[in-house]
Amino acid sequence: MKQTPKSLFFLALLFASSLFFLTGCDENGGITIPSGATEITVSTRSNDNLDNPPAVVVITEVKALVSQVEFEQESNQNNQVIKLSPFVVFFNTDGTLREMTSSFIIKDFYTKVKFQIHKPEDNETPPDPEFVNGTQRYSFIIKGTYNGSPFTYKSKKSANVVINFGAAININLKKMNITIAFNKIGWFKNGSVDLNPSDVQNENLIDDNIKNSFKAAFQDNDKNGNPD
């Protein structure tokens with residue numbers, strides 16, 4: 001059936017209206033982000049800014065495969081997923097902030113941030129080939145020196161990291177940032193004893209140290225690495 005100019009006009013108007021409601025407005029007007037959502041960034045920062053020389057273990061490069069970044073709502077304990085598929089995260093070793101990921105999240109009060117340090121499945125091709133060596137898969141890679149000799153530590157475990165906020169955070173602005181703090185010096189320590197990254201007997205303890213090093217997360221909208 002042939003469309004009349006009038007019917008075409010109403011179809012165009014209907015399409016424009018649908019696009020508006022799907023896209024939404026921010027508080028200041030303008031169609032920029034989904035209605036009722038905040039553009040959230042998640043960043044990381046080492047809270048032990050510098051190794052204290054002379055350090056036995058000096059860390060120079062850190063990266064991980066991360067998946068399933070989520071926030072837990074206070075009202076119903078539902079998880080709002082902002083990232084699902086595995087991606088590579090680089091961690092700064094000098095105490096400066098580094099963005100992990102960004103997305104949109106429903107405006108609400110949130111009590112926890114969660115993510116998985118992800119070991120790829122056998123049928124999965126990771127975005128960085130260094131996380132695969134033959135049939136072996138890795139989740140967390142640390143490079144540095146031990147007593148002056150170079151090492152590369154590769155974790156063979158996945159780990160679910162859950163970090164409680166000190167108090168529920170009201171994520172309700174146009175843009176916000178959550179910073180996750182970690183302690184890298186403790187990765188190769190057993191109390192006051194240094195752990196050799198090349199000794200396979202230390203792997204379980206080092207992997208536990210990595211998971212447990214992510215202890216604090218907080219609102220950090222000015223991205224200075226400290227709680228607002």
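Here are the numbers for this structure:
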item	result
Fraction of the pair-distance distribution of region 133-192 above 19 Å, Cα-Cα pairs, percent	57 percent
Rg/Rg_globular for region 48-142, with Rg_globular taken as 2.2 N^0.38 Å and Rg from C-alpha atoms	1.31
Stretchable slack from residue 136 to residue 96, in nm (0.36 nm times residue separation minus alpha-carbon distance)	11.2 nm
Region 42-219: Cα Rg divided by the 2.2 N^0.38 Å rule of thumb	1.06
5 angstrom amide H check on residue 195, placed H, neighbours 5+ away	189, 190
Alpha-carbon centroids, region 101-123 and region 170-207: separation in whole Å	17 Å
Over region 88-134, equivalent-ellipsoid semi-axes from the Cα gyration tensor in Å	27, 18, 10
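Just so you know, all these numbers are worked out from the coordinates, no wet-lab data involved. Quick caveat, the model's predicted, so the values are computed rather than measured.
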